[in-house]
Amino acid sequence: MTASERQFEAILSESVEHASLREREAFDQLAGPFAKSIVLYGAGNLGRNALRALRKQGMEPLAFSDANPALSGTKIEGVAVFSPRDAVAKFGRSAVFVVCIWHPERRSGVQQIVDTLTGLGAEVVSPFILVFWKYAELFLPHYFWDLPSNHLSRRVDLHRAFEMLADEESKRQFVADLDLRVNAKFLSGPVVDHGRQYFPRSLFRISPDECFVDCGAYDGDTIKDLVRESGGAFKKVIAFEADPANFSQLQQFVSRHPQIASRVLLRQEAVGRSAGTVRFAATASANASVSRTGETVVKCVALDDVLASEKPTMIKMDVEGSELDALQGAESTIKKHQPLLAICAYHRPADLCEIPFALKGFEPESRLYLRSYAMDGFDTVSYAAPLRAFAT
């Protein structure tokens, strides 16, 4: 048994009942006497959402702390903001600092912030997820975050997905992602892959005949990487982006590169299981997504419909939680053409299992790989690579 297999079995050895007890008590056990004396580190969206949720529980945080000097001395929703050093000097021995920053980085993450605050003298520092577990009805699910007991209740599916992976690096990454979800181990994984996301040279090479389908094209960032990786030698790109502001940036990007413009087809549409319209949270950012509460209505298409006359060789999806729906809408295309698939697998709690199941179901002869391109569970991609795609 390999080290990753042993660690995987150790994580799954915890009973759902024990996990249920642990998730309810984890924050209070760490915070001790400071459980109701909270400083929120990070005054961005996550910190502000935490503030509102805690207020619903009748709890008023003592302060915000934020490294942005422009915020020091201000108030956010009535709560004073301190620099990290000033916040620790004032509250470091009388409050728990809850780190409410979580965003994709390749070299630093939540644990580094915890270490920094501890180094400044904060006596107790907690990652946000322990608070999320305690008040799960207010916070969860959130991206892939869910209660440990809910993750462990999927142990049969977790075993199936783990066994599908084709190499040891993928299995180590799977275990790291699972350990993060179940045990809040923010530094338990292998080194983040510093290659180009969606184009791992150790697994495959881009072909001059590539017909690349980019679902969730954002501002052209993946197309830019495709051009760099291929040296501009590809056949065609079909790019889908539903957010109006992002689509405008995508158009501008392509117009600035006339050497590829004639080979890039842009479509201002969401991709899903079937054609129609969907409500959309148009945030003009990378996290724009289909949402029941979205204020924008956008056109949605199924890839099987719009790619009927195309021969895609690679499909990438980063569609903020709509990956499974989009894959279902591309089933016939995938089965017919067996393209290489690069699908984000970190937006929903079940993605770690359900994305590989879908990929293997559509391409039974492909090999499945898992790679991560950021700290703390972000930018994890599940690859299905047909034999023709492997580097020699």
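The values are calculated or read from the model by the stated rules, or taken from the named source; none is laboratory data. What you see is a predicted model; the values in this text were computed from it and never measured. Backbone-built Cβ (ideal geometry, glycine too); neighbour counts: all protein chains shown.
Does Arg52 count as surrounded by 15 or more Cβ atoms within 10 Å (Cβ to Cβ), in contact (Cβ under 8 Å) with a residue 12 or more places away in the chain and either outside the structural domain of Lys134 (by TED's automatic domain parsing) or over 30 Å from His159 (Cβ atoms) (or both)?
No: the conditions fail for Arg52.
Residue-by-condition table, conditions (1) outside any loop (DSSP other than H, G, I, E, B); (2) at pLDDT 95 or above; (3) farther than 28 Å from Asp209 by Cα; (4) outside the structural domain of Pro244 (by TED's automatic domain parsing):
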{"site": "Ala284", "(1), (2), (3), (4)": "no, no, yes, no"}
{"site": "Asn287", "(1), (2), (3), (4)": "no, no, yes, no"}
{"site": "Lys299", "(1), (2), (3), (4)": "yes, yes, yes, no"}
{"site": "Asp305", "(1), (2), (3), (4)": "yes, yes, no, no"}
{"site": "Ala308", "(1), (2), (3), (4)": "no, yes, no, no"}
{"site": "Lys311", "(1), (2), (3), (4)": "no, yes, no, no"}
{"site": "Val319", "(1), (2), (3), (4)": "no, yes, no, no"}
{"site": "Leu324", "(1), (2), (3), (4)": "yes, yes, no, no"}
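Count, please, the residues in the range 267-281 that happen to be part of a loop (DSSP other than H, G, I, E, B) and touching a residue at least 40 places away in the same chain (Cβ under 8 Å).
The total comes to 3.
A quick yes/no check of all residues on (1) in contact with a helix residue (DSSP H, G or I) (Cβ under 6 Å, 6 or more places away or on another chain); (2) assigned by TED's automatic domain parsing to the domain that holds Leu54; (3) surrounded by fewer than 16 Cβ atoms within 10 Å (Cβ to Cβ); (4) among the charged types (D, E, K, R):
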residue	(1), (2), (3), (4)
Ala136	no, yes, no, no
Pro141	no, yes, yes, no
His151	yes, no, no, no
Arg155	yes, no, yes, yes
Phe162	yes, no, no, no
Ala166	no, no, no, no
Glu169	no, no, no, yes
Ala176	no, no, no, no
Arg181	yes, no, no, yes
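Condition check: closer than 25 Å to His142 by Cα and either crowded, with 18+ Cβ neighbours inside 10 Å or touching a helix residue (DSSP H, G or I) at 6+ places or on another chain (Cβ under 8 Å) (or both). Does Ala270 satisfy that?
Yes, satisfied.
Please pick out the residue among Ile76, Ile101 that is in contact (Cβ under 8 Å) with a residue 12 or more places away in the chain, surrounded by fewer than 22 Cβ atoms within 10 Å (Cβ to Cβ) and closer than 21 Å to Tyr135 by Cα.
Step by step, each of Ile76, Ile101 is checked, and only Ile101 is in contact (Cβ under 8 Å) with a residue 12 or more places away in the chain, surrounded by fewer than 22 Cβ atoms within 10 Å (Cβ to Cβ) and closer than 21 Å to Tyr135 by Cα.
What is the residue count in the range 257-282 for residues that are under 28 Å from Phe378 (Cβ atoms), among the charged types (D, E, K, R) and at pLDDT 95 or above?
Within the range 257-282, residues that are under 28 Å from Phe378 (Cβ atoms), among the charged types (D, E, K, R) and at pLDDT 95 or above number 3.
From the list Arg201, Arg196, Arg205, which residue is more than 30 Å from Phe132 (Cα to Cα), under 21 Å from the mean Cα position of the chain (by Cα) and modelled with pLDDT under 95?
When all the criteria are applied, what remains is Arg196.
Among the residues that make up the range 201-217, is at least one of them touching a strand residue (DSSP E or B) at 6+ places or on another chain (Cβ under 9 Å), outside any helix (DSSP H, G or I) and under 30 Å from Val98 (Cβ atoms)?
Looking through the range 201-217, none of the residues is touching a strand residue (DSSP E or B) at 6+ places or on another chain (Cβ under 9 Å), outside any helix (DSSP H, G or I) and under 30 Å from Val98 (Cβ atoms).
Scan (1) in contact (Cβ under 8 Å) with a residue 60 or more places away in the chain; (2) not in a loop (DSSP other than H, G, I, E, B) for the single condition Ala10 breaks and write down its number.
Condition (1) is where Ala10 drops out.
Considering only residues that are charged (D, E, K, R), part of a helix (DSSP H, G or I) and in contact (Cβ under 8 Å) with a residue 40 or more places away in the chain, which ones fall in the range 157-185?
Asp157, Arg160, Glu168, Glu169, Lys171, Arg172, Asp177, Asp179, Arg181
Quick test for you: out of Asp221, Asp225, pick the one residue that is without any contact (Cβ under 8 Å) to a residue 12 or more places away in the chain and either in contact with a Gly (Cβ under 9 Å, 6 or more places away or on another chain) or surrounded by fewer than 20 Cβ atoms within 10 Å (Cβ to Cβ) (or both).
When all the criteria are applied, what remains is Asp221.
Any idea how many residues of the range 93-110 are over 25 Å from Arg52 (Cβ atoms) and at pLDDT 95 or above?
Number satisfying all stated conditions: 1.
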